[in-house]
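These notes are about the structure you will find just below.
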Amino acid sequence: MAVETVERAEAVSGWKRPRGTPSLAEVFGSIATRPTGSFWRKLVTFLGPGYLVAVGYMDPGNWATSLAGGSKFGYALLTVALLSNLMAILLQALCARLGIGAGRDLAQACRDAFPRWASWPLWVITEIAICATDLAEVIGTAIGLNLLFGVPLELGVVITALDVFLILWLQNLGFRWIEAFIVTLLGVIAVCFAIQIALASPEWGAVIRGFAPTTNIVTNPDMLYLAIGIIGATVMPHNLFLHSGVVQTRRYGETVADRREAIKLATIDSTIALTFALVINAAILILAAATFNKTGQTEVAELGEVHKLIAPLLGSAWAPTLFGIALLCCGMNSTVTATLAGQIVMEGFIDIRLPPWARRLTTRAIAIMPAAAVTIWFGEAGTAKLLILSQVMLGLALPFAIVPLVMFTASRAKMGELVAPRWVTALAALTAAVLIVLNIKLLYDLLPG
């Protein structure tokens, strides 16, 4: 009866066709929620998707941009980390609204709303963004394996492809197991950085001042380049597709009231998780500022170089190991969530129908093969430049995901009573405009002459 109600609602909505196969069909609605009970009991059942999204906000690409920003400009770019995190909270709230309110992920919504001449280029741009994401994650994981176990970089790249089998195994146990795996690794990362920050003893007054905005970020091309990289590494295009899909793993009622409450709880989940991500990102930048910028080493960005330099600067033999463990956990987490995002994007845009194992292998291959080729070609030298460039590519691709998201969630015809409030739409539109202007400014500064 509920399905018939949804189909009748869609027939008179602004969508051109029925929803069809839901996002991540094999785990869709697989986690029961509490329709009654206390607020906290209800919230617990919704906690999880936000942490999968938060992983993308602290991946190895973030490390490269934050380490480069902290070593070169001290604490000045903390304000960019804060601003980008506020953007992320706003945009991920819209993703939850789209996934729950419209019952579609962002890729499905784009395929429905746009003609092929527009939706297929959007798909290509999104796949390029996922490749850029995977480039950062493949490099980070491979370097982590190399630092901790001496695994050659090329072999480490191949090992990262095995995450697809880890996902299949965990998903057979239940989607909660994937969420538990992600949260556990996040906890390890947090502990590692807490110890390193304690060893670094940063100037907390300078840290607080670093969150205040400065015009140098726009007027200094080098600072702007890193600022766009931090924004691209924080507000990542694939996360918008990922969140609108994984939020539908929860089983909630079909009434407007039920879905409105689900949107509220999912938004709280993502906000808590992204606040945690801000703490990690800030910790990376603070660590770089307190260790490298303070000692005059302003060009440190290579992850392997950080690993070598951090022990004498912090005065602890454990510091490099903690750095390597955190990096490896971060890379593993990011490859898992990027694979899920790749599945959502491919299924949503081109409606591919394959067995789960073949679908995962296909989407993983599309994302990882270019990343692996670039990593093996360049080797360990220049990995920092590749990581930062990948994050700038994400920043440039971001408007192509944000603009459709804002359009869909602002449409009463598509969202019905669950349409985004006007003030939220206005802030999201302003965010998109700011990002587009910054990207144009960055391209202008990078053009020769």
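The values are calculated or read from the model by the stated rules, or taken from the named source; none is laboratory data. Since the structure is predicted, the reported quantities are computational estimates derived from the model, not experimental observations. So basically every Cβ, Gly included, is an ideal-geometry build from the backbone, and we count neighbours across all protein chains shown. For the accessible areas, the whole protein counts, side chains as well, though only heavy atoms, and no ligand, DNA or RNA atoms are used. Shrake-Rupley method; radii C 1.70, N 1.55, O 1.52, S 1.80 Å.
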Margin query: Can you tell me which of (1) in a helix (DSSP H, G or I); (2) closer than 26 Å to Ile325 by Cβ; (3) of a type outside the set (Gly, Ala, Ser) is the one Pro202 doesn't meet?
Written below: (1)
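Residue by residue, here is whether (1) of a type outside the set (Asp, Glu); (2) open to solvent by 10 Å² or more (accessible area, probe 1.4 Å); (3) within 16 Å of Phe73 (Cα to Cα) holds:
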| site | (1), (2), (3) |
| --- | --- |
| Ile197 | yes, yes, no |
| Ala206 | yes, yes, yes |
| Gly210 | yes, no, yes |
| Thr214 | yes, yes, yes |
| Ile230 | yes, no, yes |
| Val235 | yes, no, no |
| Leu240 | yes, no, no |
| Ser244 | yes, no, no |
Check: Could we say that Ala68 is in contact with a Ser or Thr (Cβ under 8 Å, 6 or more places away or on another chain) and not basic (Lys, Arg) here?
Finding: no
Item checked: Flag if Val183 is more than 28 Å from Asn439 (Cβ to Cβ), surrounded by 14 or more Cβ atoms within 10 Å (Cβ to Cβ) and of a type in the set (A, V, I, L, M) -> yes
Checklist line | Selection from segment 84-103 of residues that are under 14 Å from Ser411 (Cβ atoms) and touching a Gly at 6+ places or on another chain (Cβ under 8 Å) | finding: Gly101
Check: Of the residues Val419, Val403, Val345, Val392, which is modelled with pLDDT under 85 and either among the aliphatic types (A, V, I, L, M) or touching a strand residue (DSSP E or B) at 6+ places or on another chain (Cβ under 8 Å) (or both)?
Finding: Val392
Notebook entry, point to check: Can we say Arg97 is in a helix (DSSP H, G or I), modelled with pLDDT under 95 and either closer than 19 Å to Ile130 by Cβ or open to solvent by 10 Å² or more (accessible area, probe 1.4 Å) (or both)?
Noted result: no
Checklist line | Pairs, first closer than 15 Å to Leu24 by Cα and modelled with pLDDT under 80 in segment 168-182, second surrounded by 14 or more Cβ atoms within 10 Å (Cβ to Cβ) and β-branched (Val, Ile, Thr), C-beta under 8 Å, six or more apart | finding: Leu170/Ile178; Gln171/Val27; Gln171/Ile178
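Residue check: is Leu86 open to solvent by 10 Å² or more (accessible area, probe 1.4 Å), under 24 Å from Val207 (Cα atoms) and without any contact (Cβ under 8 Å) to a residue 24 or more places away in the chain?
yes
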Item checked: Which listed residue, of Asp222, Asp269, is at pLDDT below 85 and either of a type in the set (Asp, Glu) or out of contact with any helix residue (DSSP H, G or I) (no Cβ under 7 Å at 6 or more places or on another chain) (or both) -> Asp222
Check: Restricted to segment 100-120, and to residues that are outside any loop (DSSP other than H, G, I, E, B) and out of contact with any helix residue (DSSP H, G or I) (no Cβ under 6 Å at 6 or more places or on another chain), which residue is surrounded by the fewest Cβ atoms within 10 Å (Cβ to Cβ)?
Finding: Trp117
Notebook entry, point to check: at pLDDT 90 or above, within 21 Å of the chain's Cα centre (by Cα) and basic (Lys, Arg): does that describe Arg259?
Noted result: no
Notebook entry, point to check: Cβ-Cβ below 6 Å, separation at least six or inter-chain, first residue in segment 114-142 and farther than 17 Å from Leu396 by Cβ, second open to solvent by 30 Å² or more (accessible area, probe 1.4 Å) and in a helix (DSSP H, G or I): which pairs?
Noted result: Ser119/Arg111
Check: Across segment 181-224, what is the number of residues that are more than 25 Å from the chain's Cα centre (by Cα) and either within 30 Å of Ile167 (Cβ to Cβ) or aromatic (Phe, Trp, Tyr) (or both)?
Finding: 1
Notebook entry, point to check: Condition test on Arg250, is it open to solvent by 10 Å² or more (accessible area, probe 1.4 Å) and charged (D, E, K, R)?
Noted result: no
Next item on the list: Collect the residues in segment 127-180 that are over 15 Å from Met332 (Cβ atoms) and in a loop (DSSP other than H, G, I, E, B), keeping them in residue-number order.
Entry: Gly150, Pro152, Gly174
Next item on the list: Kindly state which helices (runs of 4 or more DSSP H) lie completely within segment 27-81 and contain at least 3 residues that are free of Cβ contacts under 8 Å to residues at least 12 places away in the same chain and open to solvent by 10 Å² or more (accessible area, probe 1.4 Å).
Entry: 39-46
Check: Residue check: is Thr267 polar (S, T, N, Q), out of contact with any strand residue (DSSP E or B) (no Cβ under 7 Å at 6 or more places or on another chain), farther than 26 Å from Phe28 by Cβ and open to solvent by 10 Å² or more (accessible area, probe 1.4 Å)?
Finding: no
Notebook entry, point to check: Quick one: would you say Leu242 is within 30 Å of Ala107 (Cα to Cα) and either in a helix (DSSP H, G or I) or of a type in the set (Ser, Thr, Tyr) (or both)?
Noted result: yes
